[in-house]
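**Student:** Could you have a look at this structure, given as structure tokens, before my questions?
The values are calculated or read from the model by the stated rules, or taken from the named source; none is laboratory data. In this text the structure is predicted, and so the values were computed from the model without any measurement. Cβ coordinates were reconstructed from backbone atoms using ideal geometry, including for glycine residues, and neighbour counts include every protein chain displayed.
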Amino acid sequence: MAITQAMCTSFKKELLEGVHNFKNSGGSTFKLALFTSSATLGASTTAYATSNEATGTNYSAGGASLTRVDPSSSGTTALTDFADLTFSTATVTANGALIYNSSASDKAVIVLAFGGDKTSTAGDFTIQFPTADASNAIIRIA
């Protein structure tokens, strides 16, 4: 069992089908769910499921909604990103996360691998996203 960071293959296909809308106004709702080291997540993940999802104080199954950064472009790269997400006063341990589209049957978008267990004990558990630019944004199409 492992969590491998990847943009989900099904997501790439679904982009071409117009399934996901990242526009802030009227777009899809994207969520981030935390998972334990017992989860198996990677490029082949197609949808959110509760199996081996993290549990804890101030963390609910399904995770939390993400705030999108409107899609933009820089040079020949299109990009979008999310605002940092904090689970406040949480007691939880997670080894990775799944970003998924809850507006479209919980379809998987991206798997994030933390490189090991990360724990908060009655503190803030924060997912810090990279800078929203052509070199670093969490979703880039070059």
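**Student:** Residues that are at pLDDT 95 or above, surrounded by 14 or more Cβ atoms within 10 Å (Cβ to Cβ) and of a type in the set (Asp, Glu): does the stretch 48-57 have at least one?
**Tutor:** There is at least one residue in the stretch 48-57 that is at pLDDT 95 or above, surrounded by 14 or more Cβ atoms within 10 Å (Cβ to Cβ) and of a type in the set (Asp, Glu).
**Student:** Determine if the stretch 45-52 includes at least one residue that is without any contact (Cβ under 8 Å) to a residue 24 or more places away in the chain, polar (S, T, N, Q), closer than 22 Å to GLY123 by Cα and part of a loop (DSSP other than H, G, I, E, B).
**Tutor:** Checking the stretch 45-52: not a single residue is without any contact (Cβ under 8 Å) to a residue 24 or more places away in the chain, polar (S, T, N, Q), closer than 22 Å to GLY123 by Cα and part of a loop (DSSP other than H, G, I, E, B).
**Student:** For the stretch 66-81, state whether one or more residues are at pLDDT 95 or above, surrounded by fewer than 14 Cβ atoms within 10 Å (Cβ to Cβ), in a strand (DSSP E or B) and on the phi > 0 side of the Ramachandran plot.
**Tutor:** No - not one qualifying residue is present in the stretch 66-81.
Residue-wise test of (1) on the phi < 0 side of the Ramachandran plot; (2) assigned to a loop (DSSP other than H, G, I, E, B); (3) over 13 Å from the mean Cα position of the chain (by Cα).
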position: ALA97; (1), (2), (3): yes, no, no
position: ALA108; (1), (2), (3): yes, no, no
position: THR121; (1), (2), (3): yes, no, yes
position: ASP124; (1), (2), (3): yes, no, yes
position: ALA132; (1), (2), (3): yes, yes, yes
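**Student:** Among ALA108, ALA113, ALA104, which is the only one that is surrounded by 14 or more Cβ atoms within 10 Å (Cβ to Cβ), out of contact with any strand residue (DSSP E or B) (no Cβ under 8 Å at 6 or more places or on another chain) and closer than 16 Å to ALA33 by Cα?
**Tutor:** The unique qualifying residue is ALA104.
**Student:** Let me ask you something else. Can you tell which of PHE125, PHE87, PHE35 is surrounded by 21 or more Cβ atoms within 10 Å (Cβ to Cβ), aromatic (Phe, Trp, Tyr) and without any contact (Cβ under 8 Å) to a residue 60 or more places away in the chain?
**Tutor:** That would be PHE87, the only listed residue that is surrounded by 21 or more Cβ atoms within 10 Å (Cβ to Cβ), aromatic (Phe, Trp, Tyr) and without any contact (Cβ under 8 Å) to a residue 60 or more places away in the chain.
**Student:** Which of (1) closer than 17 Å to PHE129 by Cα; (2) part of a loop (DSSP other than H, G, I, E, B); (3) among the hydroxyl-bearing types (Ser, Thr, Tyr) does THR86 not meet, given it meets every other one?
**Tutor:** Status for THR86: all satisfied but (2).
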